[in-house]
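This report refers to the structure that appears directly beneath it.
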Amino acid sequence: GENYGWMVEVSRADPSFQNKKHTALGRFRHENIAFRVEAGKPLAA
């Protein structure tokens, strides 16, 4: 079977947000990403 997936951007804070598949990042074999949190800056993953 196919064991790869896409990174998808979601927003739990905004119910009207349309999920976005980021195909430019390529396909990933693992199931998670890491977040970079810096005070005063947008959240980056």
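Just so you know, all these numbers are worked out from the coordinates, no wet-lab data involved. Remember, it's a predicted structure, so these values are computed and weren't measured experimentally. Glycine also receives a Cβ, built like all others from the backbone with ideal geometry; neighbour counts cover every protein chain displayed.
Applying the criteria of a DSSP loop state and at most 10 other Cβ atoms within 10 Å to the trypsin sites (Lys or Arg not before Pro) of the chain yields R12, R29. Rounded to a whole number of µm²/s, how large is the Stokes-Einstein D of the chain at 20 °C and 1.002 mPa s, given Rh as the Kirkwood radius over C-alpha pairs? Approximately 172 µm²/s, per Stokes-Einstein. About the centre of its Cα atoms, the chain shows a dipole size close to 80 debye [charges on the beta carbon of Lys, Arg (+1) and Asp, Glu (-1) only; nearest 20 debye]. Fully extending the segment from R27 to S11, taken as 0.36 nm per residue of separation minus the present Cα-Cα distance, adds 3.7 nm. Shown in residue order for region 39-44 are the 3J(HN,Hα) couplings computed by the Karplus curve 6.51 cos²θ - 1.76 cosθ + 1.60 at θ = phi - 60°: 4, x, 10, x, 5, 10 Hz (x for Gly and Pro).
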